[in-house]
Each structure stands twice: as C-alpha cells, then as structure tokens.
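See below for the structure under consideration.
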Amino acid sequence: MTTDFLFPKIADCSYVSCYCEENVWKLCEQVKRTRPEELSKCYAVFVSNEGRTVPLWRQKAGRGDDQVVIWDYHVFFIHNPLLNRCLVFDLDTTLPFPTYFHKYVTETFRSDLALRPEHHRFFRVIPADTYLIEFSSDRRHMRRPDGSWIKPPPSYPPILSNSNMHCLGDFICMSAGKGPGAVYSLSEFVQNFYKSPHVMAQNNK
C-alpha cells in the first residue's frame, strides 16, 4: 500500500487499551494540528447495537485463529480522501495500520447474514471536526461501583466539551435521528464509503 498516511507510525499515536473513543479523539486532534486541510475528510466511527453486543474479528483482544471478540461498542477512525481510497485506522486491530476500507470491513465485520439479529452491527459516523467539539467523557463507564478503575485511564485529563457533560452514551446509541452524525446498517455503511469496481464500470458505460 503506497499512499500519504496521516499517521506514519502506529507507535506515534496516543493509545490506551479499552479507551478507543479517546484514542480516536486524539487521532482527530492530531490531524487538526498537523494536517488541518484533511480534517474534513476524516470521521470517527462508533459500532454498536441496541443490546451492545457486537462481534468483531481480527482484534488484538480476540480469541482463536479468527481473533474474534464481542464488544459493547468499538470506535475507529477513517480517512476518505478519494473514491475507493478510504483508509481505516484502528488501533485495536491485528490488520495493518492503516487498512483499506473494503479489506477492513470484510475481515472485521464479515456479514450480518450469518449472525442473529441481536448481533447485527450498526455504525454512527461523525465528522472529525464535530467529534472534537461535541465528544465529552468523564470516564464514569470505566469505574466500578466502589470507584476503582476497571482499566487504568489515560494519563491526560478527561476530554470534556464546553458543556462539561458526559455524553458518551449519545455516541454509542444507534437510534437514527438521535445524537451526532449519521447511523447506518452494515450494508449502508459500505455503500457510503466503498463502490465496487463492477459498479464503477457500469456507471462509466
């Protein structure tokens, strides 16, 4: 893969395990600081569903040969500069960083057809500039009832918007018409960010 990567090395990216929403916010922040002209082509993508049980393959936390894991939600970053040049930057995948959109979706989400309806994946796609402004989390979801941490938090202060309100749930929610950005099914998500060579050939006739 030869292209102009926004993030040359994964080691240069801010990363804390189990804080994917903040890791992606930091990627958006990095683009705004170093490549502001590309920010409008970048998105934060939340994947979840009503029951918050979404299977993903090729994950570092996964098990077995297929490295499958069931998350309550996951967040990754996409850069969509040109048609069929959409790249996915997922700090938790075992796939290359980055991976072209079609390969990432095919290997990470496979198909909903073989899954029970309660495991179907939905995607909230938020423009990066919107995510930087509206996302806010005091990390309460990572605390046990006694106040101790489920997983150690990042060393930097919590990311709080101007309202100082914890709104992570608004981003994880997959109800259309609620929350920032747009919500898609798996097939709709693919249709919005990838056009197959066959369809492109048909359109060019």
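General observations
- Between 156, 179, 191, the Cα set farthest toward the positive side of the dipole of the stretch 8-199 (charges on each charged residue's Cβ, about the Cα centre) is that of 156.
- Charge dipole of the stretch 18-139 (Cα centre as origin; +1 on each Lys and Arg Cβ, -1 on each Asp and Glu Cβ, all else neutral): 260 debye, rounded to the nearest 20.
- Multiplying the residue separation of residue 34 and residue 83 by 0.36 nm and subtracting their alpha-carbon distance yields 15.3 nm.
- Residues of type aspartates and glutamates that residue 60 reaches as a straight line, Cα spacing below 17 Å, ignoring anything fewer than 8 places off in the same chain: 21, 72, 90, 92, 107
- Bridgeable lysines around residue 41 (alpha carbons under 21 Å apart, same-chain partners fewer than 8 residues away excluded): 9, 26, 32, 103, 195.
- In Å², nearest 10: area of residue 9 left accessible to a 1.4 Å probe: 130
- Overall, the stretch 72-113 carries a charge dipole of about 240 debye about its Cα centre when +1 sits on the Cβ of Lys and Arg and -1 on the Cβ of Asp and Glu, all other atoms neutral.
- Contact order normalised by residue count of the stretch 8-199, Cα under 8 Å, 6+ apart, percent: 23
- Once the Cα atoms are used to define both axes, helix 20-34 deviates from the longest principal axis of the chain by about 70 degrees.
- 1.4 Å probe accessible area per residue over the chain, in Å²: 53
- Label of the coordinate-derived value, Rg and Dmax of the Cα atoms in Å, listed as [x] 16.9, 64; [y] 17.3, 53; [z] 32.1, 113: [x]
- Heavy-atom accessible surface of residue 10, to the nearest 10 Å², is about 70 Å², with a 1.4 Å probe and all protein chains retained.
- With the helix formula -39500 (n - 2.57) applied to DSSP H stretches of n ≥ 4, the chain reaches a computed 222 nm mean residue ellipticity of -6500 deg cm²/dmol.
- Extension gain for the segment residue 11 to residue 94, taken as residue separation times 0.36 nm less the Cα-Cα distance, is 28.5 nm to one decimal.
- Taking packing as the residue-averaged number of other Cβ atoms within 10 angstrom, the listed peptides 15-23, 43-51, 79-87, 121-129 run from highest to lowest as 121-129, 43-51, 15-23, 79-87.
- Our estimate of slack between residue 60 and residue 151, defined as 0.36 nm per intervening residue step minus the Cα-Cα distance, is 31.2 nm.
- Taking the Cα centre of the chain as reference, the dipole from Cβ charges on Lys and Arg (+1) and Asp and Glu (-1) amounts to some 180 debye.
- To the nearest 10, the accessible area of residue 5 is 50 Å² with a 1.4 Å probe.
The values are calculated or read from the model by the stated rules, or taken from the named source; none is laboratory data. Since the structure is predicted, the reported quantities are computational estimates derived from the model, not experimental observations. Quick reminder, even Gly has a Cβ in these numbers, built from the backbone with ideal geometry, and neighbours come from all protein chains shown. Protein only, heavy atoms only, side chains kept; ligands, DNA and RNA dropped before computing areas. Shrake-Rupley method; radii C 1.70, N 1.55, O 1.52, S 1.80 Å.
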